[in-house]
Amino acid sequence: MARQRILLPLRWGDMDAYRHVNNVEVLRLLEEARVRAFGTAAPDGTAPMLATGMVVAKHTVEYLLPLDYRLEPVAVDLWIGRVGGASFEVDYELVEPGAPATVYVRASTVCVAYDFGAGRPRRLDDDEKARLATLAP
């Protein structure tokens with residue numbers, strides 16, 4: 001599976017004075033998609049990656065088109081870009097779910113594996129790298 005598509009509803013409060021979804025709310029949509037992707041257990045029953053510890057280190061966001069508020073959900077396509085020893089990059093496109101897909105936003109988030117007990121970053125283990133590989137292009 002190279003990409004995962006997550007459909008998300010917009011909220012009335014996401015809209016700003018310019019009648020489109022505010023840039024801060026776009027980050028919230030990306031966060032929601034990331035939590036849904038990494039907050040579920042693996043097919044073999046191992047703990048979700050969110051439970052094993054990961055934090056956000058960096059966001060990069062490119063706003064391509066204004067996203068107007070509407071009742072229909074939007075789609076966030078996400079996949080894994082680079083994987084390092086302790087970090088990985090989640091890449092996204094916030095798109096119109098139908099065809100042809102209009103791309104509103106392209107973004108990436110650098111996530112770092114984290115040991116909350118020790119209060120510091122940790123290395124990704126082999127199981128985590130294998131799970132990330134299922135979302136790699």
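What the table below lists for this structure:
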quantity	calculated
Stretch gain in nm, segment V24-T102, where the contour uses 0.36 nm per residue and the Cα spacing is subtracted	26.1 nm
Percent accessible area from carbon and sulfur atoms, the chain, protein chains only, probe 1.4 Å	55 percent
Cα-Cα P(r), the chain, percent of pairs per 10 Å interval	12, 41, 30, 15, 2
Top positive-direction residue, dipole computed over the chain with Cβ charges, set F116, P48, P73	F116
Relative contact order, percent, region 1-80 [alpha-carbon distance under 8 Å, six or more residues apart]	55 percent
Most fluctuating residue given options F38, F116, F88, as computed from a GNM of the chain linking Cα atoms under 10 Å	F116
The chain, accessible area per residue, ligands and nucleic acids excluded (1.4 Å, Å²)	55 Å²
Crossing angle, helix 23-38 versus the chain [Cα axis fit, 0-90 degrees, rounded to tens]	40 degrees
Dipole magnitude of region 58-137, debye to nearest 20 (Cβ charges: Lys/Arg +1, Asp/Glu -1, about Cα centre)	340 debye
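The values are calculated or read from the model by the stated rules, or taken from the named source; none is laboratory data. Since we're looking at a predicted model, the values are computed, not measured. Every residue, glycine among them, receives a Cβ derived from its backbone with ideal geometry; neighbour counts consider all protein chains shown. Side chains included, ligands, DNA and RNA excluded: accessible areas come from the protein's heavy atoms. Shrake-Rupley method; radii C 1.70, N 1.55, O 1.52, S 1.80 Å.
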